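Asker: Handing you this structure, nothing more for now.
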Amino acid sequence: MATEHLREGLRTFPFSAIVGNERPKRALMCALSSSETASVLICGPKGSGKSVLARSVSRISGSRAVVSLPLNATEDQIFGGMDIEDTIREGRKRPSLSIMSRSDGNILLVENINLFPQSTVHQILNIVETRVNVVERDGISEIRCCAPLLIATMDAEEGGLSDHLLDRFDMCVFMDRIEDEAMREEVVDRRLSFESDPEAFCGRYSAQDSEVAEAVAEAIGRSRYTSVPEGYCGAISEVCSRLNVAGHRGDISMMNVSCALAALDGRDFANLDDLKEAAAMCLEHRRNDSEEGSEPEPPEPPQEGDRDESEEDTEDSRDDPPDETPPERDRTDPSESDTYLPPPPDAGEHSQEVFDIGETYRVIDYLSGDRRSKETPRTGRHDGAVTRERSGRCVGYRMPKGRVDDIALVASIRVAAPYQPMRDHSRLALVLERDDLREKVRERRQGRHILFMVDGSGSIGAQKRMVAVKGAILSMLRDAYQKRDSIGMAVFRTDHAEEVLPLTRSILKAYHVLAEIPTGGRTPLIHALVKGHEILGAGSSKESRPVMVILTDGRCNVPFTSGMKPLDEMISTARALSGSGIKFIVIDTESGRLRFGLALELCRALDGTYLRLEDLNAEYIERSVRLAIDS
């Protein structure tokens with residue numbers, strides 16, 4: 001056992017050898033020093049070293065071991081269940097030793113916690129908070145004490161956690177982006193030295209790690225008697241209130257971390273510097289700036305009386321929500337009306353402008369109607385479609401109906417285990433009867449093919465609407481990337497539609513293409529529908545379930561067939577495509593008080609889902625609902 005521990009230690013990068021990132025290192029030391037701090041979340045982009053830092057805690061944790069939670073672990077393995085071997089041997093159901101049981105009094109390391117099912121994360125955080133693991137499965141019913149220190153890592157680009165789950169972490173720290181060339185060079189040199197001779201490299205930093213471990217051990221004893229001066233409690237509550245921190249977890253975590261920081265520095269009372277450092281660790285992931293309209297990361301907490309009056313003007317200047325029913329108008333060719341078409345009739349390739357990408361935000365689940373069908377109830381990054389085929393990951397088991405084609409052997413043995421002492425084992429070591437058999441429930445991940453069809457005509461460039469459109473597209477592209485969907489992009493303007501990004505899963509390629517999309521010219525919307533059907537129809541299948549997201553104001557003024565009226569031809573083409581197997585989502589980019597409602601007509605003809613551009617912003621919708629409730 002000692003040899004295995006030594007080998008594991010040699011494979012762990014020294015805590016003191018990590019370059020920079022003083023705040024995340026300080027947060028881990030605080031968590032180890034305080035018995036009241038139960039969880040730390042380390043966020044950072046891929047390759048930033050968050051996993052290396054989390055694993056290096058074993059160097060300074062003293063007698064506490066690091067128990068890793070594998071991403072593919074089942075609920076039985078994580079929380080506990082029936083021990084099959086003991087149950088078969090004794091004929092009585094015995095509980096198994098779970099990962100949570102092994103982490104009691106130790107450190108539970110969960111890498112990429114955002115990739116676990118939210119129900120699993122919720123249950124882990126429940127155990128960490130209550131320090132009790134309640135096991136109710138497979139006929140096992142027991143309550144186990146479980147008090148681990150949870151250290152989790154997460155890459156937000158791979159998908160985030162809900163605000164509720166984030167709030168339940170005592171601390172959340174972010175890995176620094178190292179831009180200094182000398183520091184980057186030092187990172188590479190240390191890593192190469194570690195890989196070439198781990199034992200010598202770890203020996204070089206063993207003295208520093210020992211000092212940190214001793215400081216942590218001393219702080220553990222001191223933190224029990226460290227307190228926050230009475231006057232500082234009001235300051236903590238005031239800071240949390242100014243940052244719109246919901247609930248009281250932020251206040252309590254900030255107070256506990258302040259005491260831990262003071263204990264690490266050998267003091268019995270926390271001071272103002274401790275409170276400032278604790279606020280950066282405990283409140284950044286809990287702050288809510290949406291209600292005040294402030295920037296995401298202001299240098300200091302805003303004062304209640306400092307709100308700029310221009311914010312109220314911004315709220316009042318938002319476009320009035322359009323009616324669902326378009327206004328009555330003349331059903332003549334829109335291209336014949338000068339008031340209907342902003343750019344001049346002869347606007348061509350040379351009349352164009354490239355707009356910047358607007359602000360991104362958290363988008364609503366605009367594909368929810370399709371993502372939760374009866375046949376395939378779940379898809380996306382965490383979810384998959386339940387299939388009766390033998391391909392896919394096993395996610396559970398069920399009672400068979402008729403012949404069992406895909407037997408769940410472990411589940412069947414678990415059912416039969418308590419009855420083994422009463423059965424005839426003359427020819428078999430393990431006897432399974434028909435009623436014991438269970439079959440597997442398999443789930444297969446299904447991505448989507450999503451084509452963003454972008455209106456690049458001059459009407460979108462009016463009032464610089466394209467800035468907001470690009471911001472919305474980038475927000476949806478990020479959402480599709482997190483759900484592992486394939487994304488493509490096409491632009492229609494002047495007299496044709498062009499595919500500018502073939503179906504890919506690279507968000508970086510999509511960003512570069514999006515930044516260069518020009519605006520100007522007429523609106524060949526019919527060409528866009530035909531081109532989109534051509535792109536999605538070529539690679540579509542039952543599994544891919546293609547989706548076409550059309551961002552337009554619906555102002556079609558270029559016919560596909562010479563002599564046809566563009567509006568009538570657009571409606572007839574849309575009706576013909578409505579049964580093509582493609583799911584259509586029309587996002588109306590029209591703004592202003594005078595609206596023609598053509599995008600809504602297009603959506604009705606396509607039998608698709610209609611959204612206004614403002615409807616995509618989940619944060620804006622939530623803020624509007626709160627204002628409506630409070631008024």
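Asker: What tally of residues in the range 494-525 results from selecting those that are of a type outside the set (D, E, K, R) and part of a helix (DSSP H, G or I)?
Answerer: So the answer is 9.
So that you can scan it fast, the table gives a plain yes or no per residue for (1) polar (S, T, N, Q); (2) within 35 Å of the chain's Cα centre (by Cα); (3) within 22 Å of Met29 (Cβ to Cβ); (4) modelled with pLDDT under 90:
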residue: Glu179; (1), (2), (3), (4): no, yes, no, yes
residue: Ala182; (1), (2), (3), (4): no, yes, no, no
residue: Asp189; (1), (2), (3), (4): no, yes, no, no
residue: Glu218; (1), (2), (3), (4): no, no, yes, no
residue: Glu230; (1), (2), (3), (4): no, no, no, yes
residue: Ile236; (1), (2), (3), (4): no, yes, yes, yes
residue: His248; (1), (2), (3), (4): no, yes, no, yes
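Asker: Tell me which residues, restricted to the range 413-454, are at pLDDT 80 or above and polar (S, T, N, Q).
Answerer: Once the filter is applied, which keeps residues that are at pLDDT 80 or above and polar (S, T, N, Q), the range 413-454 yields only Gln420.
Asker: Can you tell me how many residues in the range 29-66 are over 15 Å from Asp176 (Cα atoms) and touching a helix residue (DSSP H, G or I) at 6+ places or on another chain (Cβ under 9 Å)?
Answerer: Going through the range 29-66 one residue at a time, the tally reaches 22.
Asker: Just checking, which of Glu516, Glu590, Glu622 is of a type in the set (D, E, K, R), at pLDDT below 85, within 19 Å of Ala472 (Cα to Cα) and in contact with a helix residue (DSSP H, G or I) (Cβ under 7 Å, 6 or more places away or on another chain)?
Answerer: Just a single option satisfies the conditions, and that option is Glu590.
Asker: Of everything in the range 131-149 that's in a strand (DSSP E or B) and surrounded by 22 or more Cβ atoms within 10 Å (Cβ to Cβ), which residue is modelled with the highest pLDDT?
Answerer: Leu149
Asker: OK, next. Within the range 564-571, is there a residue that is farther than 19 Å from Cys603 by Cα, crowded, with 22+ Cβ neighbours inside 10 Å and touching a residue at least 24 places away in the same chain (Cβ under 8 Å)?
Answerer: no
Asker: I'm told Leu508 meets every condition in (1) of a type in the set (A, V, I, L, M, F, W, C); (2) farther than 25 Å from Leu598 by Cβ; (3) surrounded by 15 or more Cβ atoms within 10 Å (Cβ to Cβ) except one. Can you identify the failing condition by its number?
Answerer: (3)
Asker: Restrict the check to the range 202-209 and report whether at least one residue is surrounded by 14 or more Cβ atoms within 10 Å (Cβ to Cβ), touching a Lys or Arg at 6+ places or on another chain (Cβ under 9 Å), of a type in the set (Phe, Trp, Tyr) and not assigned by TED's automatic domain parsing to the domain that holds His164.
Answerer: yes
Asker: Right, next: Can you name the residue in the range 250-283 that is closer than 15 Å to Glu36 by Cα and among the small types (Gly, Ala, Ser) and, of all such residues, is nearest to the chain's Cα centre (by Cα)?
Answerer: Selected residue: Gly250.
Asker: Of these, Thr523, Thr573, Thr609, which one is touching a helix residue (DSSP H, G or I) at 6+ places or on another chain (Cβ under 8 Å) and at pLDDT 90 or above? First the steps, then the outcome.
Answerer: Values: Thr523 fails: at pLDDT 90 or above; Thr609 fails: at pLDDT 90 or above.
Checking each option against the conditions leaves just Thr573.
Asker: Scan the range 85-92 and tell me whether some residue there is touching a helix residue (DSSP H, G or I) at 6+ places or on another chain (Cβ under 6 Å) and at positive phi.
Answerer: Scanning the range 85-92, I find at least one residue that is touching a helix residue (DSSP H, G or I) at 6+ places or on another chain (Cβ under 6 Å) and at positive phi, so the answer is yes.
Asker: Taking the range 205-226 as the region of interest, how many residues are part of a helix (DSSP H, G or I), under 27 Å from Met255 (Cα atoms) and not acidic (Asp, Glu)?
Answerer: Number of matching residues: 10.
Asker: It is to be established whether one or more residues within the range 76-95 are hydroxyl-bearing (Ser, Thr, Tyr), assigned to a helix (DSSP H, G or I) and closer than 19 Å to Phe116 by Cα.
Answerer: No, that holds for no residue.
Asker: Then there is this: Please pick out the residue among Asp104, Asp86 that is more than 30 Å from the chain's Cα centre (by Cα) and surrounded by fewer than 20 Cβ atoms within 10 Å (Cβ to Cβ).
Answerer: Sole residue among the options that is more than 30 Å from the chain's Cα centre (by Cα) and surrounded by fewer than 20 Cβ atoms within 10 Å (Cβ to Cβ): Asp86.
Asker: Please state which one of Val491, Val549, Val558, Val530 is closer than 30 Å to Gly597 by Cβ, assigned by TED's automatic domain parsing to the domain that holds Val467, in a loop (DSSP other than H, G, I, E, B) and among the aliphatic types (A, V, I, L, M).
Answerer: Just a single option satisfies the conditions, and that option is Val558.
Asker: Identify, from the list Cys202, Cys240, the residue that is in contact with an Asp or Glu (Cβ under 6 Å, 6 or more places away or on another chain), in a helix (DSSP H, G or I) and in contact (Cβ under 8 Å) with a residue 40 or more places away in the chain. Spell out the reasoning first.
Answerer: Values: Cys202 fails: in contact with an Asp or Glu (Cβ under 6 Å, 6 or more places away or on another chain).
None of the others qualify; the one that does is Cys240.
Asker: Quick one: in the range 173-199, of everything that is part of a loop (DSSP other than H, G, I, E, B) and of a type in the set (Asp, Glu), which residue is nearest to Phe13 (Cα to Cα)?
Answerer: This residue is Asp197.
Asker: Which ones in the range 110-130 are in a helix (DSSP H, G or I) and either buried (at least 19 other Cβ atoms within 10 Å of the Cβ) or outside the structural domain of Leu165 (by TED's automatic domain parsing) (or both)? Working first, answer last.
Answerer: The first filter runs over the range 110-130 and keeps only residues in a helix (DSSP H, G or I), leaving 113-115, 118-130.
Scanning the range 110-130 gives Ile113, Asn114, Val121, Ile124, Leu125, Ile127, Val128.
The values are calculated or read from the model by the stated rules, or taken from the named source; none is laboratory data. For clarity, every value in this text was computed on a predicted model and none was experimentally measured. Because the Cβ atoms are built from the backbone with ideal geometry, glycine has one as well, and the counts that use them run over all protein chains shown.
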